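A quick write-up on the structure given underneath.
The values are calculated or read from the model by the stated rules, or taken from the named source; none is laboratory data. Every value quoted in this text rests on a predicted model; they were computed, and no experiment measured them. All Cβ positions, glycine included, derive from the backbone under ideal geometry; neighbour counts span all protein chains shown.
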């Protein structure tokens with residue numbers, strides 16, 4: 001649905017994007033992550049046709065965003081980082097204007113505007129000037145404007161920034177409801193938000209795409225092995241021995257121990273799920289497993305790991321250049 | 001195609017109708033026009049409007065850029081250009097919609113000035129032909145001013161700079177004809193050919209010359225094209 005091939009962008013002699021290729025399937029929600037100034041907004045601005053790439057090309061719904069701009073833009077709903085709103089218009093007028101520009105006419109236009117105002121919850125301020133409504137409402141009006149064309153592709157730059165927790169929840173729910181029907185790219189600084197909403201994440205750092213996969217796969221790839229935390233009731237030394245003898249287990253270390261329970265951290269080979277075996281081994285010996293949890297890296301950890309790794313590599317190569 | 005132009009046109013026109021600035025500018029134009037009209041009438045006691053049309057042309061040098069400065073620079077200032085340019089609207093549609101809105105507003109001002117020939121017609125019998133050609137000239141002049149105003153608005157994201165540069169360019173176009181009195185030869189001729197006041201003057205004398213019409217239309221077209229390039233260039237850099 002969205003296809004970037006080798007997109008670069010220079011501002012003067014500053015390079016903002018260094019060859020980004022990305023493919024987003026129909027119905028998929030992709031999270032775009034990266035430190036500030038990494039090129040997330042630039043990427044989104046290029047996808048939406050606000051500015052052309054310096055080289056490379058972007059196709060949305062099969063249409064080139066530069067050469068077939070008007071057709072391609074019909075498929076896109078875009079919420080920029082700072083929602084661009086005409087402050088001297090009323091909420092309803094603004095959304096109506098957006099609907100007109102998206103090509104709606106007459107009754108269809110009116111019903112579309114009503115529907116989208118209800119969807120994002122701005123009905124109670126519809127006759128007020130945009131300059132008079134709060135930040136949270138403006139964000140929603142921005143979202144309404146993005147949704148009004150019933151677009152197949154939604155590009156949302158920090159959609160929940162500036163909202164209160166209740167509103168954040170609502171907007172997330174809204175985005176979740178859109179999934180399946182629409183293709184969404186969203187950027188966010190709130191990593192739990194990305195991991196709860198997105199099917200896949202793409203991490204950009206310094207204008208380069210450094211990772212692109214599901215959170216789970218990224219976690220597995222980065223960890224290199226699986227890790228299980230287990231709390232067992234039984235004599236510590238014997239349990240430890242038992243655990244070490246399970247095939248596939250690489251190492252066991254005991255974390256803490258209470259009177260007759262101990263906590264162990266078991267690391268095992270990446271591709272083998274040892275949890276079942278672990279359960280039966282303990283059961284056969286009569287040691288009760290009180291708790292078992294396989295620990296995965298959170299998106300935060302993945303993000304930090306990748307971004308710092310990348311920084312280390314690039315600074316090392318800079319050293320080499322000298 | 002037309003639908004997008006019409007939507008933008010409607011939005012801008014509504015913006016004018018709801019803005020106090022437009023009313024203030026219209027009030028100033030009408031007050032000054034009324035003053036010039038009555039002074040000319042009472043001092044000369046001749047039923048003609050030549051001096052009023054000359055004075056109106058000078059007043060609009062200041063008024064036109066004030067009402068066009070917002071059209072593109074304002075979008076840039078408020079960040080709404082990002083909105084427009086990611087919608088299925090082309091830059092020419094956007095510029096034309098805005099231009100037509102400003103032209104409609106000034107069309108309304110022109111209609112308001114019909115009160116002056118109305119007064120003359122009720123008091124005596126002025127030369128109707130001259131008044132009609134003057135109005136044609138005045139319409140072309142206004143359309144030219146507005147096109148130059150939009151062009152200045154497309155260069156900058158500051159409305160103040162847009163209007164000040166608008167005054168500058170219009171004033172220069174107005175006074176460049178004076179050079180021809182002081183300089184002879186091709187340079188003087190060129191200055192005369194470029195001057196708005198020279199081309200406008202013939203309409204006020206009752207002359208319709210296609211050269212003048214072509215002159216005004218070409219400035220309009222060139223200014224609008226440059227405006228479109230201005231928007232494209234800033235979005236694309």
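Only one of the numbered conditions (1) surrounded by 22 or more Cβ atoms within 10 Å (Cβ to Cβ); (2) within 11 Å of chain B (Cβ to nearest Cβ); (3) within 20 Å of residue A:170 (Cβ to Cβ) is not met by residue A:95, and that is (2).
Table: residues versus (1) modelled with pLDDT under 85; (2) within 24 Å of residue A:19 (Cβ to Cβ); (3) surrounded by fewer than 17 Cβ atoms within 10 Å (Cβ to Cβ); (4) outside the structural domain of residue A:39 (by TED's automatic domain parsing).
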| residue | (1), (2), (3), (4) |
| --- | --- |
| A:186 | no, yes, no, no |
| A:194 | yes, yes, no, no |
| A:201 | no, yes, no, no |
| A:236 | yes, no, yes, yes |
| A:245 | yes, no, yes, yes |
| A:258 | yes, no, yes, yes |
| A:261 | yes, no, no, yes |
| A:273 | yes, no, yes, yes |
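Considering region B:57-80, the residues that are part of a helix (DSSP H, G or I) and free of Cβ contacts under 8 Å to residues at least 24 places away in the same chain include one that is nearest to the other protein chains (Cβ to nearest Cβ), namely B:78.
Picking from residues in region A:33-69 that are within 9 Å of another protein chain (Cβ to nearest Cβ) and within 22 Å of residue A:144 (Cβ to Cβ), the one that is surrounded by the fewest Cβ atoms within 10 Å (Cβ to Cβ) is A:50.
Number of residues in region A:98-111 that are assigned to a helix (DSSP H, G or I), touching a helix residue (DSSP H, G or I) at 6+ places or on another chain (Cβ under 7 Å) and more than 7 Å from chain B (Cβ to nearest Cβ) equals 3.
Just to be sure, is residue A:141 more than 13 Å from chain B (Cβ to nearest Cβ), in contact with a helix residue (DSSP H, G or I) (Cβ under 9 Å, 6 or more places away or on another chain), touching a residue at least 24 places away in the same chain (Cβ under 8 Å) and in a helix (DSSP H, G or I)? No: the conditions fail for residue A:141. Based on what the data block shows, is residue A:73 buried (at least 23 other Cβ atoms within 10 Å of the Cβ), in contact with a strand residue (DSSP E or B) (Cβ under 9 Å, 6 or more places away or on another chain) and either at pLDDT 90 or above or within 12 Å of chain B (Cβ to nearest Cβ) (or both)? Yes; evaluated as a whole, the condition is true for this residue. The residues of region A:187-237 that are in contact with a helix residue (DSSP H, G or I) (Cβ under 8 Å, 6 or more places away or on another chain) and in a helix (DSSP H, G or I), listed by number, are A:191, A:192, A:193, A:194, A:195, A:196, A:197, A:215, A:218, A:219, A:222.
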